[in-house]
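Q: Please see the structure below; I have some questions.
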Amino acid sequence: MNVREWLANERSTRLINPSQVTHFHLYQMRPVMSGTNSIADIRSTIVQTRRISSDVSIITLDCPSVAATAKPGNFVNVKVNTSTQPLLRRPFSIHNVDENLIEIMVKTIGCGTALFSDAQKGSTVMVLGPLGNCFTTTGPDFKNAILVSGGIGTAPMLFLEKALAAQGKKVINLIGGRTKEDLLAQNLSNCRCATDDGSIGFKGTVVDLLRRELQDIEKEGTLKLFACGPNPMLKALAKFCNDRLLACDVSLESVMGCGIGICYGCSVEINTPEGEVRTVLLCKEGPVIDAKLLVV
Ligand SMILES: Cc1cc2nc3c(=O)[nH]c(=O)nc-3n(C[C@H](O)[C@H](O)[C@H](O)COP(=O)(O)OP(=O)(O)OC[C@H]3O[C@@H](n4cnc5c(N)ncnc54)[C@H](O)[C@@H]3O)c2cc1C
Ligand code: FES
């Protein structure tokens, strides 16, 4: 069984013998260095949980080492309980940072996210991070930032918006969902929404909304797009941006195991600037990539 098959198996059956994977060091990781960031595996206390919709919660963790070095787009890999079921950690974007605290926005879709959402205030979880690369927010080449998100892809946008605003960039949020219940616009500014069923805002996809709004936004000056959401949405957005030569960073999703480049469970194919295709590990060279490199 290769690692991808093993990861799929663990996620679908959960009947896994931990001895199969001890060499991946999935329980307790030592601090490692990635680029200039120090990654630590910290037992973190849940200081607050807030349900913001029927299936989405915001979990606040006391996590000073991650809070000190995290950048927008980074994620953490969380061991949601002390049991071997589920064995693997689950990756979550950093939603917000406030002094020693980090916030995670969690949508319940399966066993790991359900356990994390239901965790009690005062309990602890192991948090490995900050992991992955980050959105490129600096540079004089844009004045306006368009943040495009769909569903739980809105999770990293609050942290990103704050970083962009601190650099004097004007931020516009385009937020999509299937219905108004799927929109997660809390605390974001300058929001324009799209829903598939038209229950609120523009009726259609968030990329259709961008197509409608772009001319007006472009009048306000140079721009760059930042996106997170389901991969089909990101592919449609990348095509839209690439056709118009618009700069765009996209944060991709994949199933992950270790989160630090050991298990090879998160490999994806991307284009190279030379026009070839190469395989990267999303947990290390992603999750953020230049939309020009996305294989659409
Ligand atoms: C870099 C990164 C950042 C993420 N940030 C967030 C976040 O901020 N908030 C949040 O709620 N979720 C986030 N996710 C997704 C989250 O990690 C998954 O929802 C979670 O791992 C599912 O675990 P589970 O045990 O609940 O579901 P499982 O029982 O493992 O899976 C349930 C179903 O969802 C599918 N699935 C599981 N993981 C993924 C995935 N990553 N992409 C697509 N389909 C998947 C499975 O194939 C299965 O069909 C992120 C994922 C990545 C890779
Ligand atoms: S999640 Fe293990 S290599 Fe990326």
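Q: Based on this model, can you work out whether GLY132 counts as surrounded by fewer than 20 Cβ atoms within 10 Å (Cβ to Cβ), in contact with a Lys or Arg (Cβ under 9 Å, 6 or more places away or on another chain) and within 26 Å of ILE289 (Cβ to Cβ)?
A: The answer is no for GLY132.
Q: Tell me whether the range 265-275 contains one or more residues that are out of contact with any strand residue (DSSP E or B) (no Cβ under 8 Å at 6 or more places or on another chain), within 16 Å of ligand 2 (Cβ to nearest atom) and not in a helix (DSSP H, G or I).
A: Our first condition is that a residue be out of contact with any strand residue (DSSP E or B) (no Cβ under 8 Å at 6 or more places or on another chain); within the range 265-275, this holds for 265, 273-275.
From what is left, the residues that are within 16 Å of ligand 2 (Cβ to nearest atom) are 265.
The next check asks that each one be not in a helix (DSSP H, G or I); those that pass are 265.
Taking every residue of the range 265-275 in turn, at least one turns out to be out of contact with any strand residue (DSSP E or B) (no Cβ under 8 Å at 6 or more places or on another chain), within 16 Å of ligand 2 (Cβ to nearest atom) and not in a helix (DSSP H, G or I).
Q: Suppose we filter PHE92, PHE24 for residues that are at pLDDT below 90 and either crowded, with 16+ Cβ neighbours inside 10 Å or at positive phi (or both); which single one remains? Show your work before the answer.
A: Working: PHE92 fails: at pLDDT below 90.
It is PHE24.
Q: Among the residues of the range 224-264, write down those that are more than 18 Å from the chain's Cα centre (by Cα) and either over 18 Å from LEU147 (Cα atoms) or within 16 Å of ligand 2 (Cβ to nearest atom) (or both).
A: ASP243, ILE262, CYS263, TYR264
Q: Answer yes or no: is there a residue in the range 118-128 that is modelled with pLDDT of 95 or more, at positive phi and within 16 Å of ligand 2 (Cβ to nearest atom).
A: Taking the range 118-128 as the starting set, the residues that turn out to be modelled with pLDDT of 95 or more are 118-128.
If we keep only those that are at positive phi as well, we get 122.
Among the residues that remain, those that are also within 16 Å of ligand 2 (Cβ to nearest atom) are: none.
Within the range 118-128, not a single residue is modelled with pLDDT of 95 or more, at positive phi and within 16 Å of ligand 2 (Cβ to nearest atom).
Q: Another question, then. Return the residue satisfying two criteria in turn: it lies in the range 215-236 and is in contact (Cβ under 8 Å) with a residue 12 or more places away in the chain and out of contact with any Ser or Thr (no Cβ under 9 Å at 6 or more places or on another chain), and of such residues it is farthest from LEU293 (Cα to Cα).
A: Initially, the range 215-236 is screened for residues in contact (Cβ under 8 Å) with a residue 12 or more places away in the chain, giving 217, 220-231, 233-236.
Right, trim to out of contact with any Ser or Thr (no Cβ under 9 Å at 6 or more places or on another chain) and you get 217, 220-223, 225, 230, 235.
On the way: ILE217: 25, GLU220: 27, GLY221: 25, THR222: 21, LEU223: 19, LEU225: 15, PRO230: 17, LYS235: 11 Å.
Step by step, filter the range 215-236, then rank; the result is GLU220.
Q: Looking only at the range 200-230, which residues are of a type in the set (Gly, Ala, Ser) and either surrounded by 15 or more Cβ atoms within 10 Å (Cβ to Cβ) or within 21 Å of GLY177 (Cα to Cα) (or both)? I'd like the intermediate steps shown before the answer.
A: Filtering the range 200-230 down to residues of a type in the set (Gly, Ala, Ser) leaves 201, 204, 221, 227, 229.
Of everything in the range 200-230, those that are of a type in the set (Gly, Ala, Ser) and either surrounded by 15 or more Cβ atoms within 10 Å (Cβ to Cβ) or within 21 Å of GLY177 (Cα to Cα) (or both) turn out to be GLY201, GLY204, ALA227, GLY229.
Q: So, in the range 247-264, of the ones that are more than 15 Å from ligand 1 (Cβ to nearest atom) and either outside any strand (DSSP E or B) or of a type in the set (A, V, I, L, M) (or both), which residue ends up nearest to ALA40 (Cα to Cα)? Steps first, please.
A: Taking the range 247-264 as the starting set, the residues that turn out to be more than 15 Å from ligand 1 (Cβ to nearest atom) are 247-248, 262.
With either outside any strand (DSSP E or B) or of a type in the set (A, V, I, L, M) (or both) added as a condition, the list becomes 247, 262.
Working: ALA247: 32, ILE262: 16 Å.
So the residue we want is ILE262.
Q: Restricting attention to the range 206-213, does a residue exist that is away from ligand 1 (no atom under 16 Å from the Cβ), assigned to a loop (DSSP other than H, G, I, E, B) and more than 28 Å from GLY129 (Cβ to Cβ)? Break it down into steps so the answer makes sense when it comes.
A: So the first thing to find is which residues in the range 206-213 are away from ligand 1 (no atom under 16 Å from the Cβ), and the list is 206-213.
Next cut, assigned to a loop (DSSP other than H, G, I, E, B) only: none.
No, the range 206-213 contains no residue that is away from ligand 1 (no atom under 16 Å from the Cβ), assigned to a loop (DSSP other than H, G, I, E, B) and more than 28 Å from GLY129 (Cβ to Cβ).
The values are calculated or read from the model by the stated rules, or taken from the named source; none is laboratory data. Quick caveat: nothing in here was measured; it's all calculated off a predicted structure. Glycine gets a Cβ as well: all are built from the backbone with ideal geometry, and neighbour counts include every protein chain shown.
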